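Heads up, the thing below is written out as structure tokens.
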Amino acid sequence: MASDKIRFLHYVLKVGNRRKVIEKLRDQLKMTVLRHEEFASGCEATCNGPYAGRWSKTMIGYGPEDDHFVLELTYNYGIGSYEKGNDLLSMDVGYDSEDAQGKETMLECYKLLVPEHIREGDKPRFREVTVGSSDIRRTTDFWTTFVGLKKVRGDEDSVVLTGKEGSGPTIDLKFVHVGEVNHAKAIGRIAFSVPGAELKGIEKALVEAGQTILTPYISLDTPGKATVQVVIAADPDGHEICFVGDEGYRQLSVVDPDADEALNKEIQKDKSTTA
């Protein structure tokens with residue numbers, strides 16, 4: 001059972017040097033800090049990975065989450081780097097009027113393709129996320145059947161999928177054949193919202209088909225903000241997928257005008273990375 005109202009939300013990246021990552025995304029690539037939250041202990045849905053200590057979440061992108069695909073940066077205090085696998089291959093940022101691929105830049109162990117110049121007031125967006133696959137046909141079947149994406153184009157070596165018309169931010173999810181997929185320690189996840197009433201049905205369909213559920217239906221609290229319901233699944237290659245109830249998430253994801261100040265304050269206080 002896939003939702004007809006699925007909406008791309010964000011991709012989760014674990015970062016080791018929060019200060020340097022923010023300097024690149026915010027100050028060089030002109031993204032906006034949308035929300036920032038601090039947590040005293042690990043997430044019940046392993047949003048920050050398999051770590052139990054203090055961590056933070058920063059949402060950053062080129063516009064509000066209601067109509068933009070963004071990044072969720074999770075930072076585990078005291079962990080300065082992560083081993084990179086071949087699960088997330090690249091993320092493409094560009095303009096709708098441009099067809100050419102941008103220049104390559106690294107965000108720690110993650111590859112970004114970005115325009116040659118981004119100025120204040122420009123309106124680029126995330127256009128494509130490219131990840132690895134061990135079997136393109138199996139990948140296509142899973143993501144069209146259980147996630148509800150539609151195939152744009154593909155062959156035995158790659159496939160491009162996207163959301164249905166009117167389903168929120170327009171972004172392509174591209175899978176490239178890489179042999180065995182290795183997630184290593186930098187494994188992230190992609191998040192989608194669906195109507196909250198459909199979450200348990202999605203979970204049931206995945207279970208009945210013998211697919212992997214990492215976190216069964218659960219409610220997650222953010223201090224002082226909305227509670228959201230999520231189901232975390234994995235595709236046959238172990239790519240993590242977060243299905244989140246749309247109604248609660250729209251309340252949670254309202255842009256915080258004080259987010260930038262809150263993030264700067266925590267960066268200044270943080271003595272675990274000084275470089």
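The values are calculated or read from the model by the stated rules, or taken from the named source; none is laboratory data. Everything numeric here is computed off the predicted structure, so don't read it as measured data. Note that we place each Cβ from the backbone using ideal geometry, even for glycine, and neighbour counts take in every protein chain shown.
Note on the stretch 8-47: residues that are outside any helix (DSSP H, G or I), among the hydrophobic types (A, V, I, L, M, F, W, C) and over 22 Å from F243 (Cα atoms) total 5. G179 - would you say it is in contact (Cβ under 8 Å) with a residue 12 or more places away in the chain, out of contact with any Leu (no Cβ under 6 Å at 6 or more places or on another chain) and on the phi > 0 side of the Ramachandran plot? Yes. Only residues that are hydroxyl-bearing (S, T, Y) and over 21 Å from A205 (Cβ atoms) were counted across the stretch 243-265, and they come to 1. Here the stretch 64-85 is the region considered, the condition is being closer than 26 Å to E180 by Cβ and buried (at least 16 other Cβ atoms within 10 Å of the Cβ), and the residue that is modelled with the highest pLDDT is T74. If only residues of the stretch 70-119 that are β-branched (V, I, T) and out of contact with any strand residue (DSSP E or B) (no Cβ under 7 Å at 6 or more places or on another chain) are counted, the one that is nearest to I171 (Cα to Cα) is I118.
For D122, state whether it is acidic (D, E), exposed (fewer than 13 other Cβ atoms within 10 Å of the Cβ) and in contact (Cβ under 8 Å) with a residue 24 or more places away in the chain. The answer is yes for D122.
Restricted to strands (runs of 3 or more DSSP E) entirely inside the stretch 134-250, those with at least 2 residues that are under 15 Å from the mean Cα position of the chain (by Cα) and buried (at least 19 other Cβ atoms within 10 Å of the Cβ) are 172-177, 189-194, 228-234, 240-245.
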